[in-house]
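Here's the structure we're looking at; comments come further down.
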Amino acid sequence: MKLTAKTIDEVIDLALAEDLGAGDITTDALISDDWSGRASFVAKAEGVLAGIEIAGRVFRRVDPTTRVEIFLQEGAGLTPGVIIGVVAGRLSGILKAERTALNFLQHLSGIASETARYVAAVNGLPVKILDTRKTLPGLRALEKHAVLMGGGQNHRMHLGDGVLIKDNHLEALYEQGFSLNAIIAKARQGTPAQLKIEVEARTLDEARQAAEAGADIILLDNMSPEVMQQAVRLIDKRALVEASGGITLANARAVAESGVDFISVGALTHSAKALDISLEIEKA
C-alpha cells in the first residue's frame with residue numbers, strides 16, 4: 001500500500017473545507033497578510049512519528065509560499081521536547097493550517113505509537129501485527145500508512161484484496177444448506193487464483209473443518225490463548241493462522257506464544273490515542 005499525492009491532497013482538501021468553512025474570521029480580523037512568522041512542531045510525549053509529510057503538505061495547500069523543513073523522518077522515535085520540523089512564511093497561512101495539520105500529525109503518530117507498542121510486546125516471536133478495516137471513513141490509506149510506520153503490517157485495504165469469509169457470511173450460507181467445505185469451494189471457484197481464501201472460525205471444530213476444506217488462512221475469532229494453542233495444533237500447518245478479537249497489550253504476547261502467524265488488532269486504528277504534539281510560534 002503506497003500513499004499517493006492525489007490521495008493525500010483529496011483528504012487534506014476535505015479536512016480544510018471542514019475546518020476553514022467560510023474562512024478564519026479570527027485570523028482575518030487580527031493578522032495582517034504581510035506579517036511573516038516561523039513555527040516549530042514539538043513532541044510533548046514519547047512515541048513514533050507518522051504524518052509529518054502530510055502535515056507539511058497541509059500548510060502548502062493553504063499557502064503555497066509556506067516553507068516546510070522536516071528534521072525527522074516517518075517512523076522515527078520521539079521524545080518530549082524534540083523538534084520535528086518547522087514551517088515558515090505568511091503568519092496568516094500558518095495559523096489557518098495549524099489545526100488541520102496537527103489533527104493529521106497527532107492522530108497518525110498516535111496510531112504508529114500504538115502499533116509500535118504491540119510490535120514490542122511480541123518481540124522475538126515469529127508473528128506479525130496486522131491492522132484491520134476498522135478505520136475512520138476516508139482516512140484508511142493514511143491510517144494504514146501509520147501502522148506501517150509503527151512496524152505493523154497491513155491486512156486488506158478494501159474488500160477486493162482477498163476473501164475473508166466471516167460469521168455473517170457463514171450463517172447466511174448455512175441457512176441455504178451449504179457445508180463449510182462447500183462454502184470454501186464456492187469461494188475458490190469465484191475468486192481469482194492469486195487471492196487467498198480466509199475463513200473465520202469461532203470454535204475448534206470450525207477451525208478443523210476449515211483446515212480440512214483447504215482454507216489458506218484461518219482466523220481464530222475471540223478465543224483464549226489456550227484455545228488458540230489447541231486450534232494451531234489441530235490446523236497442523238495446513239493453513240496460516242490469524243488471531244483476532246479481544247487482543248490487548250496485556251495478552252498480545254500470550255496470543256503470539258500460542259503459535260499463530262498473525263495477530264490483527266482493530267484498536268490500532270479505531271482506539272489509538274492521539275500523540276501530544278504542538279505547533280509553537282517562535283518569538284522574534
Filtering segment 27-48 down to residues that are closer than 12 Å to Arg90 by Cβ, assigned to a loop (DSSP other than H, G, I, E, B) and not aromatic (Phe, Trp, Tyr) yields Ile31, Ser32, Asp33, Asp34
Test result for Leu275, not in a helix (DSSP H, G or I) and not β-branched (Val, Ile, Thr) = yes
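Taking the options Ala193, Ala215, Ala201, Ala172, name whichever one is surrounded by 15 or more Cβ atoms within 10 Å (Cβ to Cβ), free of Cβ contacts under 8 Å to residues at least 60 places away in the same chain and over 25 Å from the mean Cα position of the chain (by Cα).
Ala215
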List the pairs whose first member sits in segment 237-253 and is in the same structural domain as Leu195 (by TED's automatic domain parsing), whose second member is in a loop (DSSP other than H, G, I, E, B) and β-branched (Val, Ile, Thr), and whose Cβ atoms are under 6 Å apart, counting only residues at least 6 apart or on separate chains?
-> Val241/Val260; Ala243/Val260; Ile247/Val265; Ala252/Val122; Arg253/Val122
Residues in segment 129-140 that are buried (at least 19 other Cβ atoms within 10 Å of the Cβ) and under 22 Å from Leu220 (Cα atoms): how many?
-> 4
Residue within segment 98-109 that is in the same structural domain as Thr26 (by TED's automatic domain parsing), among the hydrophobic types (A, V, I, L, M, F, W, C), more than 22 Å from the chain's Cα centre (by Cα) and buried (at least 17 other Cβ atoms within 10 Å of the Cβ) present | no
Checklist (1) surrounded by fewer than 17 Cβ atoms within 10 Å (Cβ to Cβ); (2) touching a residue at least 12 places away in the same chain (Cβ under 8 Å); (3) over 25 Å from the mean Cα position of the chain (by Cα) applied to Lys44, failing item = (3)
Scanning segment 220-255 for residues that are among the basic types (Lys, Arg) and buried (at least 16 other Cβ atoms within 10 Å of the Cβ), which turns out nearest to Arg208 (Cα to Cα)?
-> Arg238
Could you tell me whether Leu275 is buried (at least 22 other Cβ atoms within 10 Å of the Cβ) and within 30 Å of Ser36 (Cβ to Cβ)?
-> yes
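The values are calculated or read from the model by the stated rules, or taken from the named source; none is laboratory data. Note that the coordinates shown come from a computational prediction; the quantities given were computed from them, not determined experimentally. Every residue, glycine as well, gets a Cβ built from its backbone with ideal geometry; the counts of neighbours run over all protein chains shown.
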